[in-house]
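Heads up, the thing below is written out as structure tokens.
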């Protein structure tokens, strides 16, 4: 008799999000490896891609405190090309823009990101983006407002 339908996996072994997540080390490891500012940039790219005012504003304030240059924040905010930025910053910005804008990442960009960050940190950086995309959905659905006195920092359509 064949096994019950729900006792077997849907995807072949070695594929799927659970398999990819096994390569992650977590946020503390990511912060120790790439630094808080790069994580902030990943959050900002995601908030910008979703035009999520609350997530953008709260993360812009944090990014400023963490030392992200205003010029980098402006590149993300205004959708400018990341020319002249550091390789890591430019790569995170381009990765997020392709992921959320085109819904795929081209092979050359993926190879560059893998070379720069390594598999573990790349999975964790994408995890930061995924968490902020999830947050954007919740914040938008439930119309989260900025704290009293906090002006919006993201120009939205």
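Here, each number is a calculation from the coordinates, and none is a lab measurement. Everything numeric in this text was worked out from a predicted model, so none of it was measured. Virtual Cβ from ideal backbone geometry, glycine too; neighbours counted across all protein chains shown.
Within a 10 angstrom radius of the beta carbon, how do 116, 93 rank from fewest other beta carbons to most?
Ascending Cβ contact count within 10 Å gives the list 116, 93.
Could you compute the FRET efficiency for residue 112 and residue 150, with r as their C-beta to C-beta distance and R0 at 22 Å, rounded to 0.05?
0.05
Where does the stretch 59-157 land on Rg(C-alpha)/(2.2 N^0.38 Å)?
1.17
For residue 31 and residue 102, compute 0.36 nm times the residue count separating them, minus their Cα-Cα distance, and round to one decimal in nm.
22.8 nm
As a footprinting exposure proxy, order 119, 94, 60 by other Cβ within 10 Å, with the fewest listed first.
Taking fewest neighbouring Cβ atoms as first place, the list is 119, 94, 60.
Would you mind ranking 103, 23, 50 so that the residue whose beta carbon has the fewest other beta carbons within 10 Å leads the list?
With the fewest neighbours first, 103, 23, 50 line up as 103, 23, 50.
Compute the relative contact order of the chain as a whole-number percentage, counting only Cα pairs closer than 8 Å that sit 6 or more residues apart in sequence.
Relative CO of the chain lands at 35 percent.
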